[in-house]
1. Could you give me the ³J(HN,Hα) list for the range 273-282, computed from phi with Karplus coefficients 6.51, -1.76, 1.60 and θ = phi - 60°, whole Hz, x at Gly and Pro?
2. Toward the positive end of the charge dipole of the chain, about the Cα centre and with charges on Cβ (Lys, Arg +1; Asp, Glu -1), which of 540, 402, 250 goes farthest?
3. Which far-off residues, 5 or more places away or on another chain, put their amide H under 5 Å from the one on residue 395, with H placed in the peptide plane?
4. Post the alpha-carbon centroid distance, the range 88-120 to the range 323-402, in whole angstrom.
5. What percentage of the solvent-accessible surface of the chain, computed with a 1.4 Å probe over protein heavy atoms, is contributed by carbon and sulfur atoms?
6. Rounded to the nearest whole Å², what accessible area per residue is found for the range 590-635 with the 1.4 Å probe?
7. Is the shape of the range 487-574 best called rounded, prolate or oblate, per the rule: a/c under 1.5 gives rounded, else a/b larger than b/c gives prolate, else oblate, with a ≥ b ≥ c the square roots of the Cα gyration tensor eigenvalues?
8. Mind listing the long-range amide H neighbours of residue 236? Cut-off is under 5 Å, sequence gap 5 or more, other chains count too, H placed in the peptide plane at 1.01 Å from N.
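The values are calculated or read from the model by the stated rules, or taken from the named source; none is laboratory data. Nothing here was measured: the structure is a model prediction, and the numbers come from that model. Neighbour counts run over all protein chains shown; Cβ positions are idealised from the backbone, glycine included. Only protein heavy atoms, including side chains, enter the accessible area calculation; ligands, DNA and RNA are left aside. Shrake-Rupley method; radii C 1.70, N 1.55, O 1.52, S 1.80 Å.
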Amino acid sequence: MTLDRRSFLGAAAALALAPTVKAANAAAKQGPLLLNRIGPSASQIYIANADGTNERKLIDSGTLDLNASFSADGQWIVFTSERDGLGNANIYRARVDGTQAERLVDSPNVDDAGVLSPDGGKLAFVSTRDGLRTNIWVKDLKSGALKNLTGVAGVQGDPMLPDGFFRPSWSPDGQWLAFSSDRNTEWKGHHNGAGWEHTQELSIYVIRADGTGFRRVSTRKDYCQGSPKWSQDGKRIVFYETLSEYTYWVLRPDLLPQITSQIVSVDVATGERVEHTSGPGFKISPQYVGAEEIAYRRKGGAGEGLYSTAAGKAVVKIPGLRTPSWSPDGKQVIYEKFTWRGWKQNQPLFSWDADREYRYTDVWPAFARTDGMMVLTAKGDDSSVDIMRPDGSERRRVFDVTKQGGLDMGLVKRGLAGAFFPVWSPDGEWIVFGLGSWFTERGKGGAKLMRVRRDGTGAEALTDDSVFNAGFPSFSADGKQVVFRSWFGEGTDYSKMGLRILDLETRKIRELTHGYDNLPIWSPDGSRIMFTRGEKIPNSIWSNFDIWTIKPDGTDLKRLTTHPASDGHAVWTPDGRQILFNSARNGYRDEAPHYDMTFQPYGQLWVMNADGSGQRQITDSLWEDSTPQYVPSGR
């Protein structure tokens, strides 16, 4: 789906987003952008009695509807919807029976987490408009006037650090807003900086509805405090609190049952702190439903459900519930349920480029130079290798991991093993890929390079056990060599890490780099190899990942990105003139603990010239957008 009514304005200076979008009713001039989006495929809003009875579906646009809240009079609900295009989050309201739905704010940027003021005249919400980072905005619903409360001097933090503002909540008198923010924190990787994925450290702030009076009301070093809500008398603010490290763990179903959080409140005037819960379980989404009673959700594990701080209240079990919000009288609860079935290949997505369609793809699409056939990893299925036409037709499997891989199918099902990163030989006759264990399993299980003919015959291993985990290969322009990354096994040292080049005739391997290097890709003209490198940030335990290039002989190392947030997952465009990549530099779009199985929800897609100039963002969704590639023109 393309833009037909709006301009997608860029960020400041050279990191501007795409230029002002033209009317898009004309035919697309360029090949589509394929991308993989890691998020739910559908979401519906439900309402039920607070005890879980009388559950009924309230909002279902056939796309994603989520993050609902009640108006103060209980007559309206406000919610986020992608009905205007998958990936384009706008804010709507509807009556509590689901009727009279109307759009309240509309932009090509993220608009989310909307809440109506107590008198119903204003809407506070989170938006990435005007700079591509999340800020708290207020809209006067009568005049239409918009005000960015947090995107101003004195509120904004260091622009090179995390600087997001999330989950606004009105005070009962309508004079103040509470919200969470990671302003002026560090770009932190999980596991003491060893991990690629970022964690999130949030504090609680308040600001007047006119933009004055900004101050922090609660903070705790190395903790995440989020989703603030006011007490009914306006004297206290309640929120969840967990270790920042756990904001990565909470995204992984295998780790979620092991972590804890607590429900805490502070006195707005004095800062006096009360912990309302204790013990195990990840507790989130707190809300006062009485003068003293606080309701909240426990996320994950056998104890999942809705809880209350009031003594003797039974746990409410509603399977699949997410992001609950209670009615002002506490008698009803509204929430969404996600579907994770995935989209079909080439599902149309919202486009931020008037001259190019955006479409969904399974991971790591690559195109043969000879006839434009596409190859990819069918990660949505079983991580086998499929080829097809760019439009998805003539799809067939050329390597089946369930029959040929010899892999742990439990790991395959979890996305931790499979046939990853397939690429074409220059003559279009061969496909090379990595087969084995990946991500968190790469140091435990091996992986080898494989190749197979385009008709599925001739499968053979290209590496042996001399390289513990070989993966992410790419052919040289003449088809005689393959570059790949080598990973070390547990108990060995980092000298085993780096980029290696395999001579296909002699099967000899030479070292190209040493270090935390990954995802090497030969340029189409064969002159350079691009890769992602992780390095320690000076005077910090945290690592930063950037995009580099090097000549195949190991000379002329160049760094293309320098932002302290991570950049990676880069690919050359088919003509070799540009590089598509994923970047964290504009930060989270929401509080991390509200995500499920979206491990880098801050990751948006960018493009730059082959020399690193002209960097600009080309997606702006709530979700992780990844593995991009342009379909070659005319295919």
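1. These are the phi-based 3J(HN,Hα) values: 10, 10, 8, 8, 10, 8, x, x, x, 8 Hz.
2. Positive-end residue among those listed: 402.
3. Close amide H contacts, sequence-distant or interchain: 389.
4. Value for the Cα centre distance between the two parts: 27 Å.
5. Looking at the chain in its full context, I get 48 percent from C and S.
6. Here the residues of the range 590-635 average 24 Å² of exposed surface.
7. Oblate is the answer for the range 487-574, as a/c is 1.5 or above yet b/c matches or exceeds a/b.
8. Here 231, 268 satisfy the definition.
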